[in-house]
1. Please compute the length gained on full extension between ASP183 and ARG128, using 0.36 nm multiplied by the number of residues separating them and subtracting their Cα-Cα distance.
2. As an exercise, use a Förster radius of 22 Å and the Cβ-Cβ distance of GLU151 and ILE269 to find the FRET efficiency, rounded to the nearest 0.05.
3. Can you list which of the GluC sites (Glu not before Pro) found in the range 84-118 are DSSP loop residues with at most 15 other C-beta atoms within 10 Å?
4. I'd like the chymotrypsin sites (Phe, Trp or Tyr not before Pro) in the range 84-154 restricted to DSSP loop residues with at most 14 other Cβ atoms within 10 Å, sorted by number.
5. What is the range 18-92 by shape, rounded, prolate or oblate, if you read a ≥ b ≥ c off the alpha carbon gyration tensor as root eigenvalues and call it rounded for a/c under 1.5, prolate for a/b larger than b/c, and oblate otherwise?
6. Is the shape of the range 15-161 best called rounded, prolate or oblate, per the rule: a/c under 1.5 gives rounded, else a/b larger than b/c gives prolate, else oblate, with a ≥ b ≥ c the square roots of the Cα gyration tensor eigenvalues?
7. Please give me, ordered by residue number, the GluC sites (Glu not before Pro) of the range 25-80 that lie in loop per DSSP and have at most 14 other Cβ atoms within 10 Å.
8. What ranking, highest mean first, results for peptides 90-98, 198-206, 75-83 when packing means the other Cβ atoms within 10 Å averaged over each residue?
Amino acid sequence: MNKITPEHLAREAYVYVRQSTTGQLLNNPESRRRQYALVARARTLGWENAIVIDDDLGRSGDGQVRPGFERLLAAICAGTAGAVLAIEASRLARDGRDWHTLLEFCAFVNSLIIDEDGIYDPRLINDRLLLGLKGTFSELELSIFRQRSQEALRLKAARGELYTTVAIGYRRRADDRLEQDPDRRIREALSLVFRKFSEMGSVRQLALWLRQEGIDLPIAVYGRQGRTVEWRPPRYNTVHRLLTNPVYAGAYVFGRTGSRARFDGGRKIITHGVARRREEWEVLIRDHHDGYISWEEYDRNQKVIAGNANMKGTMVAGSVRKGGGLLVGLLRCSHCGRKLKVLHHAHRDTRYICNREMDYASDKKCIAFSNLRIDAAVSAEVLRVISPLAIEAASQVIADRERAGAERCDLTSMTIPPRPAKPASGFYEPSSRRSSAGRRRPR
């Protein structure tokens, strides 16, 4: 039975071309050529006009948003598609919802589905059954492939041998172990970042200081030549990634980020790169390789960075800001436990105030008070505690300066020979006279 009728040929044939990832686009050009060759098959079957839809190259077919697939469904619903050609069912959809939606639309408007194996009419029971099995196997195949690959990755990561990329400052040896980069300039630049952060305690201030000093930072660039190192002016994100990456503390970590799925407009939206808490990391191996800092210093850095974040809840102090308040971010309300905010006035004193106090619709009012007395009391207590240490430190500085001055004097006396004494006026040595007489002024 010939399933292709003049009604089908009067409409257009749509050739759907898709590859799931960018890697497939680069490494599997033959699959793409086979899919584009379906245009010739459509013309062989009798269609004069074949429209190619390749908007979804590099997009997965597991239910995510695909502009090309939406365009195909719109053409089917408009009644302009006489047939849909794809190299196999998995190219059209890897998700049961998309696949059965396509079958329902094609059956409703009398459109055929054609692949390399045959021609199918979704209105026929046997063809519909076969197409349903093809879609089910395609979805199952994707799940099996994904499960196998993820398990293999986890097993390799558990041994500390999985490297998708190598952080700047390291290189991978032949035995799949990490070692510090032999380039001394790279090592010194990274060490400077960690050393200065321990002094400044702020990622933003460190990035500004590096730019002011004209110090560039190395970054890894991947291209056709492989991995190369480029030196660029530092940015906040670059410095933040260096300080928050546990690889520089000698640790191997797998599973620091995950993915999160949500529905938007009836479509599955997957967000990748969602940060996980340390307790949720899948693999953490300390002392895996030589680090630029210790794990204890890395842990302190993370606490400092987390403490500098603003608008992160009542238990986070936040970064230091301008204003007259000395204890900004350090005070909590004794009634409700909220972090006290600061209200600045141009002609009055600064006030610490609870968030609930600013909620005028609430009947419960918390505390609000001036900063003068509490700031003065805390300042006096801090000065009282550090006064003995300050005196001791000042005495130590004076002693160090005196010792350094004595060492410089001794070094000067050892390196500079004593000058000979001048003879008395009117008395000259004969040798000096002869030497003077023997010298002639050049003409």
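Nothing in this text is a laboratory measurement; each read-out follows from the coordinates by a stated rule. None of these values were measured; they are calculated from a predicted model. Neighbour counts run over all protein chains shown; Cβ positions are idealised from the backbone, glycine included.
1. Going from the current span to full extension adds 13.4 nm.
2. Details: r = 26 Å, r/R0 = 1.17.
Result of the calculation: an efficiency of 0.30.
3. GLU88, GLU116
4. Values: sites: TRP99, PHE105, PHE108, TYR120, PHE137, PHE145; in loops: none.
The qualifying sites: there are none.
5. oblate
6. Taking the square roots of the gyration eigenvalues as a ≥ b ≥ c, the range 15-161 is prolate.
7. Sparse-neighbourhood loop GluC sites (Glu not before Pro): GLU48.
8. Peptide ranking by packing, descending: 90-98, 75-83, 198-206.
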